[in-house]
Amino acid sequence: MLGALAEQVPNMIVSSADLANSNKTDGFLKKTKAFAPGDFSGAFLQAGVSELAMTAIINGMALHGGVIGACATFFVFSDYMKPALRLSALMEMPVKFIWTHDAFRVGEDGPTHKPVEQEAQIRLMEELKNHSGRNSMLVLRPADAAETSVAWKMAMENTLTPTALLLSRQDIADLPAEIALSVMEEGQ
């Protein structure tokens, strides 16, 4: 999805906290180039291991206007982003937050990388009202590739609040189309 967005949305800037390969933001980076000292012709900000600074920078870009900002890291590290994330929600900025490795079952990097309480915290932020009386954030947790495509469409169309995309890095098979259709029909 990010590779397609890099080709179709020229004013999008994506940042990753030192995890582009793991959180798959490298799909965006492969279609553009990273910012470098004195060269801002690219559209990718390599933030290093600095999630709070990354979020604050993307917020600043969104406040300046003219760009669609997105930033990514492992979901467990969303805790480091909370002060700037909350400001995104209060200021109604349409920043896209990409969080991967969303399941407590994730074990490749050990117990420090397993999000346990993070989803409850982000879901709570979704329920808090902003100054306009709307939910302060849109939180999406797609189940497969088709739902991820729809989630990205919803995220890009959401210009009123930040959007959180909670994505898995586990090998998940796509839902059979007939099951997905029946679930969608029941939800309507």
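The values are calculated or read from the model by the stated rules, or taken from the named source; none is laboratory data. This structure is a prediction, so every number in the text was calculated from the model and none was measured. We place every Cβ from the backbone using ideal geometry, glycine too, and count neighbours over all the protein chains shown. Accessible surface is based on the protein model in full, side chains and every heavy atom, while ligands, DNA and RNA are left aside. Shrake-Rupley method; radii C 1.70, N 1.55, O 1.52, S 1.80 Å.
Out of all the residues in the range 121-137, which are open to solvent by 40 Å² or more (accessible area, probe 1.4 Å) and either free of Cβ contacts under 8 Å to residues at least 40 places away in the same chain or part of a loop (DSSP other than H, G, I, E, B) (or both)?
Hits for the range 121-137 are 123, 124, 127, 128, 129, 131, 132, 133, 134, 135.
Within the range 98-109, does at least one residue satisfy the condition of being touching a residue at least 60 places away in the same chain (Cβ under 8 Å), of a type in the set (A, V, I, L, M), more than 13 Å from residue 169 (Cα to Cα) and open to solvent by less than 10 Å² (accessible area, probe 1.4 Å)?
So far as the range 98-109 goes, no, none of its residues is touching a residue at least 60 places away in the same chain (Cβ under 8 Å), of a type in the set (A, V, I, L, M), more than 13 Å from residue 169 (Cα to Cα) and open to solvent by less than 10 Å² (accessible area, probe 1.4 Å).
Looking at (1) under 14 Å from the mean Cα position of the chain (by Cα); (2) touching a residue at least 40 places away in the same chain (Cβ under 8 Å), which is the one condition that is false for residue 57?
(1)
Under 8 Å between Cβ atoms, at least 6 apart or on separate chains: pull out the pairs that start in the range 157-183 with a residue that is closer than 30 Å to residue 87 by Cα and outside any helix (DSSP H, G or I) and end on any residue that is modelled with pLDDT under 75 and of a type outside the set (Asp, Glu).
168/103; 169/106
Does residue 151 qualify as being among the aliphatic types (A, V, I, L, M) and over 26 Å from residue 29 (Cβ atoms)?
no
Which one is most open to solvent (accessible area, probe 1.4 Å), of the residues in the range 111-120 that are assigned to a helix (DSSP H, G or I) and at pLDDT 80 or above?
The qualifying residue most open to solvent (accessible area, probe 1.4 Å) is 120.
Please go through the range 83-106 and pick out each residue that is of a type in the set (Lys, Arg) and at pLDDT below 90.
105
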